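Quick notes on the structure that follows.
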Amino acid sequence: NIYDEMERSYPPRDNSCTISVNGRRSSQLFYPEEHPREDPVAMARRLGILPGGQWKPLNCHPLFNVAIILPYRNRQSQLAVFMNYIHPFLQAQNLDYRIFVIEQSPMREFNRAKLFNVGYAEATKVNDFHCFIFQDVDLIPQNPDNIYACTKMPRHMSSSVNTFRYNLPYTGLFGGAIALTRKQFERVNGFSNVFYGWGGEDDDFYSRLQSRGFQITRFGPDVAQYYMLTHKKESPSTARFANLENSARRYDTDGLSNLEYRVLNHQLRPLYSWILADV
Ligand code: BGN
């Protein structure tokens, strides 16, 4: 029973929403690229999405309050496909949610982990979010039962991705899409800020969780199926090995505790809150 694993944001009450997804069967997969694209303004209007990409069900009391944080740079068409697909997906789950796109300014190499920290910090300023989903824009959850809310343990959501032939490549993989409560995230001091360039930041985050005694959880491989939108492979950073080697010394001093950045611009766009940050 999925309810037993979930960490509710609000206590159940009369007319609490269910997290059932209208009887669609788990085996029924979505193929995002077959979905027609709609103009963002028209889509927001049709689906009742508020400026900044916020929505909550009106006919029942939601059980989950979620901020979805997407680090971003230069992936415009993927972002459009993602938004087009994800809003109906999240609405079917009856979540109280808001989507944040954290774009990194040009110049420095991409720092996925630090953008997550920025997303957490900015989201926390506007609402007391209980649960955070940290994920890449190129990952499309294919199964409507993959609930975009938090579990009692930190959860690795994207354990079954088409590009890995729907297999988990190694047990310590904690990249792609993850779900943590605010408390869990704060307990590990968030992500490390030092991982510029591709690779290793998720492995570092996993060892932070382990060092604090967290066990992680995953839903079954059928539920956790993701489709990765295609793009050129990034070349891995050379600094990632050194950063990983001395990461344990930095758990307390590198993360939310020393987070520094500048917000260069921000907008409430029809389907998401956009924040341009210099990190
Ligand atoms: C690993 C990367 C992860 C990445 C996964 C899946 C490193 C650290 C050096 C061992 N880790 O190899 O960051 O999420 O592959 O692509 O590169």
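Across the stretch 236-259, what is the number of residues that are free of Cβ contacts under 8 Å to residues at least 24 places away in the same chain and closer than 13 Å to Asn193 by Cα?
Final tally of qualifying residues: 1.
Would you check which residues across the stretch 9-39 are part of a loop (DSSP other than H, G, I, E, B), surrounded by 13 or more Cβ atoms within 10 Å (Cβ to Cβ), modelled with pLDDT of 90 or more and touching a strand residue (DSSP E or B) at 6+ places or on another chain (Cβ under 9 Å) and list them?
The answer is Ser9, Tyr10, Cys17.
Yes or no: Asn167 over 17 Å from the mean Cα position of the chain (by Cα), within 16 Å of the ligand (Cβ to nearest atom) and crowded, with 16+ Cβ neighbours inside 10 Å?
No.
Does the stretch 71-78 include one or more residues that are crowded, with 23+ Cβ neighbours inside 10 Å, at pLDDT 95 or above, on the phi < 0 side of the Ramachandran plot and part of a strand (DSSP E or B)?
yes
Tell me, yes or no, whether the stretch 14-37 has at least one residue that is without any contact (Cβ under 8 Å) to a residue 60 or more places away in the chain, out of contact with any Ser or Thr (no Cβ under 6 Å at 6 or more places or on another chain) and within 24 Å of Gln267 (Cα to Cα).
Yes, the stretch 14-37 contains a residue that is without any contact (Cβ under 8 Å) to a residue 60 or more places away in the chain, out of contact with any Ser or Thr (no Cβ under 6 Å at 6 or more places or on another chain) and within 24 Å of Gln267 (Cα to Cα).
Looking only at the stretch 225-264, count how many residues are basic (Lys, Arg) and farther than 30 Å from Glu34 by Cβ.
Count: 4.
Quick check on my filter: what residues within the stretch 216-249 are surrounded by 15 or more Cβ atoms within 10 Å (Cβ to Cβ), more than 19 Å from the chain's Cα centre (by Cα) and modelled with pLDDT of 95 or more?
Ser237, Ala239, Arg240, Asn243, Leu244
What's the number of the only condition in (1) within 13 Å of the ligand (Cβ to nearest atom); (2) at pLDDT below 95 that Gly172 fails to meet?
(2)
Can you pull out every residue in the stretch 235-269 that is touching a strand residue (DSSP E or B) at 6+ places or on another chain (Cβ under 9 Å) and away from the ligand (no atom under 16 Å from the Cβ)?
Those that are touching a strand residue (DSSP E or B) at 6+ places or on another chain (Cβ under 9 Å) and away from the ligand (no atom under 16 Å from the Cβ): Tyr261, Arg262, Val263, Leu264, Asn265, His266, Gln267, Leu268, Arg269.
Being more than 16 Å from the ligand (Cβ to nearest atom) and either more than 19 Å from Leu63 (Cα to Cα) or more than 15 Å from the chain's Cα centre (by Cα) (or both) is the filter here; which residues of the stretch 146-164 pass it?
Lys152, Met153
What is the one condition in (1) at pLDDT 95 or above; (2) part of a loop (DSSP other than H, G, I, E, B); (3) under 18 Å from Leu276 (Cβ atoms) that Asn167 does not satisfy?
For Asn167, the exception is condition (3).
What number of residues in the stretch 86-106 are under 21 Å from Lys233 (Cα atoms) and either touching a Ser or Thr at 6+ places or on another chain (Cβ under 6 Å) or free of Cβ contacts under 8 Å to residues at least 60 places away in the same chain (or both)?
Here the count works out to 1.
Within the stretch 208-221, is even one residue within 26 Å of Phe82 (Cβ to Cβ) and near the ligand (Cβ under 10 Å from one of its atoms)?
Checked the stretch 208-221: no residue is within 26 Å of Phe82 (Cβ to Cβ) and near the ligand (Cβ under 10 Å from one of its atoms).
The values are calculated or read from the model by the stated rules, or taken from the named source; none is laboratory data. All figures in this text were calculated on a predicted structure; none of them were measured in a lab. With ideal geometry, Cβ positions are generated from the backbone for all residues, glycine too; neighbour counts draw on all protein chains shown.
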